[in-house]
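What follows is a set of notes on a single structure, which appears directly below.
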Amino acid sequence: MTPADLSGVLPLMCVGAAAIAVMLMIAVHRSYVTAFLLTLTGLAAAVATLPWMARSAPHPLSPLLRLDGYAALYTGLLVLAAAGSVLLAFGYLRKYESNREEFFILMLLATLGAVVLAAGNHFASFFLGIELLSVSLYALVSYPHKTDAHTEAGVKYLILAAVSSSFILFGMALIYADSGSMAIDRIGPALSGMPLQGGDPWVLAGLAMMVVGIGFKLGLVPFHLWTPDVYQGAPVPVTAFVATVSKGGVLAALLRLFPPGDIHTGSSLFFVFSAIAIASMLAGNLLALLQNNVKRILAYSSIAHLGYMLVAFLAGRSQGVSAVTFYLTTYFISTLGAFGVITVLSGPGNEMETLVDYRGLFWRRPWLAGVFSAMVLSLAGLPLTAGFIGKFYLIMAGVGTTLWTLVIVLVFSSTIGLYYYLRILFTFYIQEPEPAGPARPEPAFSLSGALTLAALTFLLIWLGVMPAPIFGLIQTMIH
């Protein structure tokens with residue numbers, strides 16, 4: 001390995017080394033705080049070494065990985081989101097009696113899988129990243145084993161994720177059988193321009209199977225049925241991780257596998273992803289209207305947001321990729337903040353899930369109600385929040401390439417989404433009647449959770465007021 005190879009792969013090595021360090025620490029002496037600190041140290045080291053990764057770019061590290069500005073940008077985004085989930089999990093699991101340290105090993109391994117997806121340039125690395133991420137999530141989703149809901153969510157995710165991985169692997173095999181190559185930078189452009197009629201049937205079949213598998217991992221319609229159940233059954237920090245790091249890693253792989261600029265109008269991929277985007281935007285928002293569980297509302301909301309991102313993905317060009325990345329950044333901040341408030345108010349076996357639990361939150365915990373309100377307004381895409389700017393860039397990318405149908409559906413479905421977002425806000429400010437029985441115990445103060453929410457709120461407002469520096473950085477790193 002040359003010095004350039006070593007400097008480029010340092011962020012991945014830091015995350016992997018942190019997982020090994022926590023595992024060895026557990027073998028010698030169990031310490032929840034030490035495991036937490038080692039995890040944060042590994043993630044912080046990964047972020048600190050990103051400049052070396054960026055300076056070595058573009059640099060192919062064997063046929064499997066491509067270390068370029070795109071990989072560095074998404075690595076930083078995924079690692080920071082993972083650090084936010086870890087900070088939120090620290091206070092959540094503090095009162096958990098059983099083994100807690102393994103939770104951080106699984107978090108680190110899942111993060112490593114997501115980062116491999118962002119840097120992958122080969123079918124082998126793509127599948128390894130998917131499996132490393134998915135297998136870690138199997139255990140994370142059902143980690144506390146406190147209720148049957150945790151186990152049910154874990155089993156559902158295990159079965160469906162295994163089936164989707166089988167689809168991806170079989171699709172790769174069919175494409176390789178025809179093309180004779182597994183290098184993404186060689187196969188991706190050919191797949192993106194595959195015509196709807198007249199294309200090779202084996203390649204079309206393989207392409208369809210890969211789209212099914214990726215659609216499941218992203219929770220897109222019609223492969224979304226697992227999303228609300230897993231979101232509801234998983235521990236809140238894990239739900240935040242699945243909604244951000246897991247989906248962000250797969251989206252990064254999607255952008256790498258099918259270069260947006262190469263998806264031509266009239267190609268098979270364009271029609272398939274257009275139908276998926278429209279269905280996801282409409283179904284996600286309409287199904288959220290029927291929910292009274294906050295985690296399920298955010299689950300259906302995430303389906304709609306992934307559909308929004310597909311609009312800019314289909315728009316292609318440099319503006320489309322930059323718009324997707326910026327919107328993903330704002331989505332990470334808003335989603336982590338929303339689940340962060342739920343995490344701070346919850347604990348293992350005592351989660352604040354239903355809208356009734358949040359009645360009068362402003363009168364009990366005004367600062368948490370304010371943070372949750374800001375995150376909800378950002379998800380709704382209202383002005384002075386990061387979500388508004390992100391949605392503006394998405395619409396501009398769609399308008400710039402005259403994708404009028406997709407843009408109209410995006411605007412219309414966003415308007416539908418305003419109802420259930422405002423419904424959550426309205427619940428915070430209802431004056432709660434005096435409880436007839438014993439009052440629900442208030443959660444203990446979590447310093448790590450409070451600092452994380454404060455940082456996310458600052459970023460939310462900053463990107464809503466001054467988005468140019470981050471958007472400029474995104475454009476510089478991607479191109």
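Just so it is clear, none of the values below were taken in a lab; they were calculated from the coordinates. Every value quoted in this text rests on a predicted model; they were computed, and no experiment measured them. Note: ideal-geometry Cβ built from the backbone for every residue, glycine included; neighbour counts use all protein chains shown.
If you count Lys pairs in the range 3-478 whose Cα atoms are under 28 Å apart, skipping same-chain pairs closer than 8 places in sequence, the total is 16. Using just its DSSP H runs of length 4 or more, each adding -39500 (n - 2.57), the chain gives a mean residue ellipticity at 222 nm of -25000 deg cm²/dmol after division by all residues.
Under 5 Å from the amide H of Thr354 lie the amide H atoms of Val294, each residue being 5 or more positions distant or on a separate chain, with H modelled from the backbone and absent for Pro and chain starts. On full extension, the segment bounded by Trp367 and Ile20 gains 121.1 nm, given 0.36 nm per residue less the C-alpha separation. Annotation for Leu286 and Val155: the two label points, set 7 Å from Cα along the Cα-Cβ direction, are 3.2 nm apart.
What residues of the range 367-394 lie in the reach of a label at Ala468, counting those whose backbone N is under 18 Å from a point 7 Å from the Cα along Cα→Cβ? Within reach of a label on Ala468: 384-386, 389-390, 392-393.
Packing here is the average count of other Cβ atoms within 10 Å per residue, and on that basis the peptides 376-387, 98-109, highest first, run 376-387, 98-109.
Neighbours of Ala110, meaning other residues whose beta-carbon lies under 14 angstrom from its beta-carbon, give a summed charge of 0 when Lys and Arg score +1 and Asp and Glu score -1.
What number comes out for the charge environment of Val33, summing +1 per Lys or Arg and -1 per Asp or Glu over other residues with Cβ under 13 Å away? Local charge sum for Val33: +2. Run the Debye formula on the Cα coordinates of the chain, all scatterers equal and no solvent, and tell me log10 I(q)/I(0) at q = 0.06, 0.08, 0.12 1/Å. Values returned for q = 0.06, 0.08, 0.12 Å⁻¹ are -0.24, -0.44, -1.03.
Arranged from fewest to most other beta-carbon atoms within 10 Å of their beta carbon, Ser85, Ser448 become Ser448, Ser85. As a proxy for reagent exposure, His224, His479, His305, His29 were ordered by neighbouring Cβ count within 10 angstrom, fewest first; the result is His29, His479, His224, His305.
With the highest mean first, a sort of the peptides 87-93, 402-408, 204-210 on other beta-carbon atoms found within 10 angstrom per residue produces 87-93, 204-210, 402-408. If the segment from Ala208 to Val28 were pulled out straight at 0.36 nm per residue, it would be longer than the present Cα-Cα gap by 60.0 nm.
Note on His479/Lys95: beta-carbon distance plugged into 1/(1 + (r/R0)^6) with R0 of 51 Å gives a FRET efficiency of 0.60.
So if each residue of separation counts as 0.36 nm, and I subtract the Cα-Cα distance between Ala177 and Thr2, what length gain in nm does that give?
Numbers: separation 175, 0.36 × 175 = 63.00 nm, distance 3.35 nm.
Between Ala177 and Thr2, full extension yields 59.7 nm more.
Using a simple spin-label model with pseudo-atoms 7 Å out from Cα toward Cβ, Leu169 and Trp404 lie 4.7 nm apart. Exposure proxy ranking for Arg186, Arg359, based on other Cβ atoms within 10 angstrom of each Cβ and starting from the fewest, stands as Arg186, Arg359. Each part reduced to its alpha carbon centroid, the range 223-262 and the range 349-409 end up 18 Å apart.
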